[in-house]
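This report refers to the structure that appears directly beneath it.
The values are calculated or read from the model by the stated rules, or taken from the named source; none is laboratory data. Keep in mind the model is a prediction, meaning the values are calculated, not measured. A quick note on method: Cβ atoms are made from the backbone with ideal geometry, for glycine too, and the neighbour counts reach across all protein chains shown.
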Amino acid sequence: MAAVTTLDRYVEADQRLISDALRLRFHPLAVERASGCRVWDVEGREYLDFSAGWAVANTGYGHPLVRQALIEQFDRASFASLISGIHEPALKLAQQLIARAPGDFEKKVWFGFSGSDANETVGRLLTAATGRRRLVSFIGAYHGATAGSMAMSAHSSQSGFIGGGHVVKAPYPHPYRCPFGEGVADCAGATLRFLEDYLFKTICPPEDVAGIIVETVQSDGGDVVPPATFLPQLADLCRRHGIYLVVDDVKAGMGRTGRLFSAQHYAVAPDAIVLGKSLGSGVPLSAIVGRREILDAGVGLAIFTTAGNPLSCAAGLATIEAIERDGLIENAARVGAHLHRQLRHLMDRHPLIGDVRGLGLMQGVELVRDRASKTPATTEAAKVVYRAYELGLLLFYVGMASNVLEITPPLVLTEAEADAGVALLDRALADVEAGRVSDEAIARYRGW
């Protein structure tokens with residue numbers, strides 16, 4: 001009988017103690033410590049992290065600026081509620097976000113803890129600010145896991161949730177899998193025509209639409225990068241109908257795509273931007289940065305006792321400082337372009353790869369069983385992620401069919417680390433294509 005390892009004990013305790021509602025396991029990773037782009041498990045194994053914990057650790061694990069800011073703030077005041085009091089870290093962070101957000105209009109900031117609560121709140125504020133009852137979002141979107149944010153989502157993993165009758169879902173312009181059929185020359189144009197010439201003229205009158213919420217890169221939907229014309233044309237449609245445009249930058253924001261805010265790639269100034277995940281470098285923090293009239297829709301309309309607390313805001317301030325001082329936006333653009341080229345080269349050797357797409361350090365590798373039919377390689381994606389873990393590389397898969405390898409490493413990633421990760425991914429793909437990863441190996445770790 002094999003000896004019980006430390007990892008075995010962690011896996012057993014995880015299954016015994018942690019709710020299944022909170023667990024999404026792709027492999028038996030049990031983290032002991034982390035630094036930069038590296039993670040070590042409880043048995044001392046080292047991994048190169050191509051996930052940043054779902055795009056949270058943008059500044060890398062344990063950034064010294066963030067660490068020092070938390071220590072100093074804890075010594076000054078470990079807590080103060082923003083609901084019924086004022087404190088400097090929240091004011092400073094709001095000021096810095098407002099100064100950096102695009103748009104020549106008066107802005108305010110709301111603070112929360114996660115992308116889920118921020119997206120739910122922005123939906124609530126939009127309808128309150130306008131008196132309009134409806135919202136529009138896009139199929140494939142994953143805006144969160146609270147009731148309100150799930151109502152705005154349209155992801156296959158949430159198909160069992162029924163709710164949000166006031167939210168109308170439109171197709172998202174997916175260049176590799178255009179919802180209007182193969183060979184459609186202008187998928188973005190077809191999407192916008194469907195929205196304006198069909199939905200707006202049938203079940204969703206534009207005069208009753210408070211806002212349209214969109215991701216510039218549809219992350220959990222498969223790291224889909226829409227045509228470059230899409231966001232500017234969507235912004236124009238919103239202006240013509242008096243509809244607020246909201247960009248969900250929870251995953252794509254804070255420098256990940258090679259811009260601080262992803263809409264800046266397209267010279268678009270959204271009426272509101274939703275931030276989360278990486279805003280606090282791992283300390284729970286989310287924010288909405290938007291027009292004053294949206295954020296002031298009602299007194300106490302979205303309050304959480306510990307939201308905007310000094311520790312979280314101190315982490316947010318240090319995160320912005322680290323991103324700008326260390327040139328992480330520029331690094332994301334440069335290393336991201338290098339990584340994209342290296343991933344494209346893998347297509348020459350691996351027929352499993354149907355498409356490679358992304359912006360900056362947000363890349364998606366879609367796996368298919370054959371390139372002609374584009375049949376999603378769902379099981380194969382799970383095996384590649386599991387085998388990569390065994391080889392020392394951490395990543396996850398996303399997509400409506402769970403067949404897209406998502407690569408969102410810390411923004412401190414170097415070109416040498418990118419090359420090392422691609423080499424490990426190359427080996428994992430080869431092993432799966434050769435049938436060296438069994439169905440039994442991934443039976444307990446099927447993720448989504």
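Odds and ends about this structure:
- Residues satisfying the stated conditions in the stretch 406-444, i.e. aliphatic (A, V, I, L, M), in a loop (DSSP other than H, G, I, E, B) and either surrounded by 15 or more Cβ atoms within 10 Å (Cβ to Cβ) or touching an Asp or Glu at 6+ places or on another chain (Cβ under 8 Å) (or both): Leu411, Val412, Leu413, Val437
- For the stretch 404-441, the tally of residues that are closer than 25 Å to Val224 by Cβ and among the β-branched types (Val, Ile, Thr) stands at 5.
- Restricted to the stretch 390-448, and to residues there that are of a type in the set (Gly, Ala, Ser) and in contact with a Phe, Trp or Tyr (Cβ under 7 Å, 6 or more places away or on another chain), the residue that is modelled with the lowest pLDDT is Gly447.
- Looking only at the stretch 386-408, and only at residues there that are out of contact with any His (no Cβ under 6 Å at 6 or more places or on another chain) and of a type in the set (Ser, Thr, Tyr), the one that is farthest from Gly44 (Cα to Cα): Ser402
- The residue of the stretch 37-83 that is farthest from the chain's Cα centre (by Cα), among those that are among the small types (Gly, Ala, Ser) and within 30 Å of His27 (Cα to Cα), is Gly44.
- Subset of the stretch 100-116 [crowded, with 24+ Cβ neighbours inside 10 Å and farther than 18 Å from Ile212 by Cβ]: Trp110, Phe111, Gly112
- Subset of the stretch 284-318 that is assigned to a loop (DSSP other than H, G, I, E, B) and of a type in the set (A, V, I, L, M) - its residue that is surrounded by the fewest Cβ atoms within 10 Å (Cβ to Cβ): Val299
- Top-ranked residue of the stretch 18-50 - restricted to ones that are touching a residue at least 60 places away in the same chain (Cβ under 8 Å), outside any loop (DSSP other than H, G, I, E, B) and not aliphatic (A, V, I, L, M), ranked as farthest from Thr5 (Cα to Cα): Gly36
- Checked against the criterion of being of a type in the set (Val, Ile, Thr), at pLDDT 95 or above, over 27 Å from the mean Cα position of the chain (by Cα) and over 16 Å from Ala388 (Cα atoms), the candidates Ile86, Ile18 yield just one match: Ile86.
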